[in-house]
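Right, one structure below, let's go through it.
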Amino acid sequence: MIDTTPSTTTASRNWLGVLLLVVACAGVLMIIGTINRDPSPVQRPADGEAESFADENLLEQLSTAAAGTDAEDGEPVARVEALLQSLTGERVTGSYATILVGPRSGDSFPVAVYSYWEDESFSGSPDDAYYGRACRIFTVDDRAVASETVDCPASVPEIPVGVSLTSESWPLG
């Protein structure tokens, strides 16, 4: 008598082969997708600090200025503008942050926040010092300030130089 039932071992091998083929195809597709994707910019520690300062400390200061309690202080936009002008171009007291502000457009202010970073973990050389940066558009609306994260335009320098930015390439309304 001849056994005509297929071997369990052969069936298992066939399924294993199909499974390996599917996994290999998925891996190839993932690699192709990674290669074709636009490279994201490298996030350095100082960039993270600049983002944190812009989204927390600076936004809080601007919101406090906009909410002002004294009617003689003027409109919320004027109070925010005055605060930004007082902080522009110099290191903010108690931080490693420097702020540069572009020309106001209506109720919106383009701002670049820089954070100075020294990495002394290896050499301690001045070559390990650099600035991180984060760009935001702060908009004042009825005693409140909203923050919009934007990519820094090409016109925004890598290091804080001067005391103001140009309006070139900012996505202002």
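Which one is nearest to SER63 (Cα to Cα) among residues in the range 137-149 that are of a type in the set (A, V, I, L, M) and surrounded by fewer than 17 Cβ atoms within 10 Å (Cβ to Cβ)?
Restricting to residues being of a type in the set (A, V, I, L, M) and surrounded by fewer than 17 Cβ atoms within 10 Å (Cβ to Cβ), the top hit is ALA144.
Scan the range 87-114 for residues that are modelled with pLDDT under 90 and either in a helix (DSSP H, G or I) or among the hydroxyl-bearing types (Ser, Thr, Tyr) (or both) and jot them down.
LEU87, THR88, THR93, SER95, TYR96, THR98
Conditions (1) in contact with a strand residue (DSSP E or B) (Cβ under 8 Å, 6 or more places away or on another chain); (2) in a helix (DSSP H, G or I); (3) at pLDDT 85 or above, marked per residue:
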{"position": "ASP3", "(1), (2), (3)": "no, no, no"}
{"position": "ALA11", "(1), (2), (3)": "no, yes, no"}
{"position": "LEU19", "(1), (2), (3)": "no, yes, no"}
{"position": "PRO39", "(1), (2), (3)": "no, no, no"}
{"position": "GLN43", "(1), (2), (3)": "no, no, no"}
{"position": "GLU49", "(1), (2), (3)": "yes, yes, yes"}
{"position": "PHE53", "(1), (2), (3)": "yes, yes, yes"}
{"position": "ALA66", "(1), (2), (3)": "yes, yes, yes"}
{"position": "GLN85", "(1), (2), (3)": "yes, yes, yes"}
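The values are calculated or read from the model by the stated rules, or taken from the named source; none is laboratory data. Keep in mind that this is a model prediction, so the values were computed, not measured. No Cβ is skipped: glycine too gets one built from the backbone with ideal geometry, and neighbour counts run over all protein chains shown.
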